[in-house]
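**Student:** Here's a structure for you.
The values are calculated or read from the model by the stated rules, or taken from the named source; none is laboratory data. Because the structure is a prediction, the values reported are computed rather than measured. Because the Cβ atoms are built from the backbone with ideal geometry, glycine has one as well, and the counts that use them run over all protein chains shown.
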Amino acid sequence: MSQKIYVFDTTLRDGEQVPGCQLTTEEKVMIAKELEILGVDIIEAGFPISSPGDFRSVEEVCKAVTNPTVCALSRAVKGDIDAAGAALKHAKRGRIHTGIGASDVHIKYKFNSTREQIIEQGVEAVKHARTYVEDVEFYAEDAGRADLEFLARLTEAVIKAGATVVNLPDTTGYVLPHEMYHRIDYIMNNVPNIDKAIISMHNHNDLGMATANTIAGIRAGARQVEVTINGIGERAGNTSLEEVAMTLKVHKDLGFHTNIDSTKLFPMSQLVSQTMRMPVQANKAIVGRNAFAHSSGIHQDGFLKNADTYEIINPQDVGVPKSSIVLTARSGRHALKHRLELLGFKFDKPQLDGIYKNFLVLADEIKEVNDKDLVKLVRA
């Protein structure tokens with residue numbers, strides 16, 4: 001039986017940190033309700049201490065959803081934790097997500113502190129958060145560049161203090177997948193009380209490896225993934241929810257599953273894109289405009305004979321109605337014949353050859369040939 005991977009969605013917190021993508025409380029509530037329908041396990045609704053608006057957003061999301069745990073972010077500072085606890089007072093299931101930097105560069109330059117002081121501050125933060133909620137997640141910021149032996153000691157200490165989840169983020173998107181596997185494997189095998197908590201992956205995409213690193217972390221023992229819709233987030237973005245969910249669904253041999261209803265992925269992507277005014281790149285995996293589009297003749301020919309030749313996912317499985325054949329100067333006769341037949345035209349081979357020659361001239365001229373163009377071409 002496959003093991004469950006908990007999906008922690010931070011679209012409303014880390015995703016909203018993208019310049020120009022700020023949401024109103026009402027928009028956050030609307031998206032939170034759709035995330036619940038999608039099947040996410042935890043919704044990180046905001047950073048309550050950061051502004052009155054974010055505090056209210058966390059409050060209202062708590063009131064609006066029933067099944068997911070609602071999470072509020074805080075630094076390892078008493079005032080932050082107090083604000084998070086107060087904002088979560090209406091949550092059916094609340095979680096405080098508190099933490100501090102774990103890499104030497106953060107410890108020295110950001111906190112002007114020492115490793116021992118960081119452990120002490122982290123432990124105190126977890127203990128204080130536990131006075132508000134039983135479910136406390138600790139984040140070791142920049143864990144991807146932290147000393148492994150120190151990271152293991154920090155993880156052991158915060159679990160002992162009451163952390164139920166320990167988040168080991170690759171905050172700068174620095175780590176390579178084989179390194180991520182090694183780091184999580186080390187933690188799983190060198191923290192005596194690791195069985196008392198869930199290890200979480202929160203990876204950024206600065207080198208384009210957030211999803212690969214997240215899957216590597218899962219294989220090594222992590223059981224929670226922190227993701228955003230469309231992979232939005234600081235700088236180059238966060239791990240994409242849809243990519244992780246579909247990787248685990250396609251690769252059943254890995255032995256993991258999520259509660260995500262994959263047929264809701266494309267509509268969810270569109271909703272977030274429109275609400276946050278953040279277009280989805282055309283070649284974005286799973287939900288991009290071209291994810292199920294075929295324009296080269298070789299691909300079109302194979303696809304029309306059997307979709308499995310060029311598609312590993314049924315588009316309907318992610319909420320896309322159907323694949324598309326895009327007619328360009330790279331398209332072949334098979335695709336042209338297919339599209340003409342859909343429009344009600346049938347031609348013998350010599351006729352089709354003549355139309356195809358004229359089609360290529362037109363396609364070179366206008367780049368993409370639509371149905372109206374084809375009708376005009378045939379009548380001409």
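**Student:** Among the residues of segment 48-60, write down those that are closer than 25 Å to Ala140 by Cβ and crowded, with 22+ Cβ neighbours inside 10 Å.
**Tutor:** The answer is Pro48, Asp54, Val58.
**Student:** Here's something else I'd like to know. In this structure, is Val225 closer than 24 Å to Leu73 by Cα, within 12 Å of the chain's Cα centre (by Cα), in the same structural domain as Leu168 (by TED's automatic domain parsing) and part of a strand (DSSP E or B)?
**Tutor:** Details: closer than 24 Å to Leu73 by Cα: yes; within 12 Å of the chain's Cα centre (by Cα): yes; in the same structural domain as Leu168 (by TED's automatic domain parsing): yes; part of a strand (DSSP E or B): yes.
In short, yes.
**Student:** Also, quick follow-up: When you go through Thr114, Thr131 one by one, which is the residue that is in the same structural domain as Asp206 (by TED's automatic domain parsing), without any contact (Cβ under 8 Å) to a residue 24 or more places away in the chain and not aromatic (Phe, Trp, Tyr)?
**Tutor:** Thr114
**Student:** Another question, if that's okay. Taking into account only those residues within segment 69-90 that are surrounded by 19 or more Cβ atoms within 10 Å (Cβ to Cβ) and of a type outside the set (A, V, I, L, M), which is nearest to Thr228 (Cα to Cα)?
**Tutor:** Cys71
**Student:** So, Glu156, is that one buried (at least 20 other Cβ atoms within 10 Å of the Cβ), out of contact with any strand residue (DSSP E or B) (no Cβ under 8 Å at 6 or more places or on another chain) and on the phi < 0 side of the Ramachandran plot or not?
**Tutor:** Numbers: buried (at least 20 other Cβ atoms within 10 Å of the Cβ): yes; out of contact with any strand residue (DSSP E or B) (no Cβ under 8 Å at 6 or more places or on another chain): yes; on the phi < 0 side of the Ramachandran plot: yes.
The answer is yes for Glu156.
**Student:** Quick check: anything in segment 134-145 of a type in the set (Val, Ile, Thr) and assigned to a loop (DSSP other than H, G, I, E, B)?
**Tutor:** Looking for residues that are of a type in the set (Val, Ile, Thr) and assigned to a loop (DSSP other than H, G, I, E, B), one finds none in segment 134-145, hence no.
Conditions (1) assigned to a strand (DSSP E or B); (2) in contact with a strand residue (DSSP E or B) (Cβ under 6 Å, 6 or more places away or on another chain), marked per residue:
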site	(1), (2)
His90	no, no
Thr98	yes, yes
Val105	no, no
Ser113	no, no
Ile119	no, no
Val123	no, no
Val126	no, yes
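**Student:** Please indicate, with yes or no, whether at least one residue in segment 33-41 is among the hydrophobic types (A, V, I, L, M, F, W, C), surrounded by fewer than 22 Cβ atoms within 10 Å (Cβ to Cβ) and assigned to a loop (DSSP other than H, G, I, E, B). Working first, answer last.
**Tutor:** Applying the first criterion (among the hydrophobic types (A, V, I, L, M, F, W, C)) to segment 33-41 yields 35, 37-38, 40.
If we keep only those that are surrounded by fewer than 22 Cβ atoms within 10 Å (Cβ to Cβ) too, we end up with 37.
Those left that are additionally assigned to a loop (DSSP other than H, G, I, E, B): none.
No, every residue in segment 33-41 fails to be among the hydrophobic types (A, V, I, L, M, F, W, C), surrounded by fewer than 22 Cβ atoms within 10 Å (Cβ to Cβ) and assigned to a loop (DSSP other than H, G, I, E, B).
**Student:** Regarding segment 61-68, can at least one residue be identified that is within 18 Å of Glu226 (Cβ to Cβ), surrounded by 19 or more Cβ atoms within 10 Å (Cβ to Cβ) and touching a Gly at 6+ places or on another chain (Cβ under 8 Å)?
**Tutor:** yes
**Student:** Taking segment 178-217, which residues are surrounded by fewer than 22 Cβ atoms within 10 Å (Cβ to Cβ), assigned to a helix (DSSP H, G or I) and hydrophobic (A, V, I, L, M, F, W, C)?
**Tutor:** Listed by number, the residues that qualify are Met188, Ile194, Ala212.
**Student:** Which residue is nearest to Ala45 (Cα to Cα), if the candidates are limited to segment 221-265 and must be surrounded by fewer than 20 Cβ atoms within 10 Å (Cβ to Cβ) and of a type in the set (S, T, N, Q)?
**Tutor:** Asn259
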